[in-house]
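Reviewing the structure listed below.
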Amino acid sequence: MKVKILSIFFILILRVFAFEFGPMGFDKRIDTGEGYGEFAYTNSSNEVIRYKVKIFSTGRENDISKYVSVYPKILTIKPQSIGRIKVYVEAPPTLKKGLYRFMVGSESVSVPYLQKSEKGKIAPSVSLKTSVALEMEAYVGEVKEEFNITNEKIKEIIDKEGKKKKMYTSKLLNDTERGYEIGVGFFDGNNSLISVNPMGRIKNGGELLIEEEIPPLAKKVVFYDYNNQVFVGQKIDLKSVK
């Protein structure tokens, strides 16, 4: 039975003093009305957390921070909960084809709360402030639809338990003119997803060495764009790989 994939959403988490945020990139096309993205802040603590969120300049020539807005600008997250912000980019028609950048900054805001002291008295508690800034990419214009993939091989290895495993290996060059938070996965004969593993960020012009175990029933290698929740690039028939 073919399994329909309704949604695949992997959050890459940055942890800095309990700061949990994802996805780690924007990577939207902004000249076709698609310049919208959501970001999740996870509060895994037992206290209320509040962040002040702002958009600011990268200081580069291709900065588009003045076209970017965020809502809400103050985000309050209950304990063991997830809060979300929405980022919008309204690109003017004068922007030329290419990659553009902006910064998303998150600064913790103190939330006063009370705790018992050793003597049983109620006293205010102060939480540690954190400030994190992340650079985001967006792009204008059509981009190349396939990756440049070389050195493809299927090889057999023996694992530590003495079992034979088949591995797909290759080198991926991202010359598509945009960046990706990329995953490598496999489809079966019905074009249903068997597995997908996050590989991290690959920027435009960047290279990725792939070495993935081929699952049983796998027929094709596929690539997943985590930030846009779609499969991208070419599907590689394993029969064509020697």
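The values are calculated or read from the model by the stated rules, or taken from the named source; none is laboratory data. Treat the numbers as computed from the prediction; the structure is a model and nothing was measured. Cβ sites come from the backbone with ideal geometry, for glycine too, and all protein chains shown count toward neighbours. We work out accessible area using only protein heavy atoms, side chains counted, and drop any ligands, DNA or RNA first. Shrake-Rupley method; radii C 1.70, N 1.55, O 1.52, S 1.80 Å.
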Criterion (open to solvent by 30 Å² or more (accessible area, probe 1.4 Å) and either in contact (Cβ under 8 Å) with a residue 12 or more places away in the chain or at negative phi (or both)) met by exactly one of Val48, Val68: Val48
Members of the range 19-33 that are modelled with pLDDT under 90, open to solvent by 60 Å² or more (accessible area, probe 1.4 Å) and touching a strand residue (DSSP E or B) at 6+ places or on another chain (Cβ under 8 Å): none
Of all residues in the range 192-240, which are open to solvent by 70 Å² or more (accessible area, probe 1.4 Å) and on the phi > 0 side of the Ramachandran plot? Leu217, Gln229
I'm told Lys165 meets every condition in (1) in a strand (DSSP E or B); (2) open to solvent by 60 Å² or more (accessible area, probe 1.4 Å); (3) within 29 Å of Tyr67 (Cβ to Cβ); (4) not aromatic (Phe, Trp, Tyr) except one. Can you identify the failing condition by its number? (3)
Could you go through the range 84-92 and let me know if any residue there is at pLDDT below 95 and aliphatic (A, V, I, L, M). yes
Do we find a residue being hydroxyl-bearing (Ser, Thr, Tyr) and touching a residue at least 60 places away in the same chain (Cβ under 8 Å) anywhere in the range 194-202? no
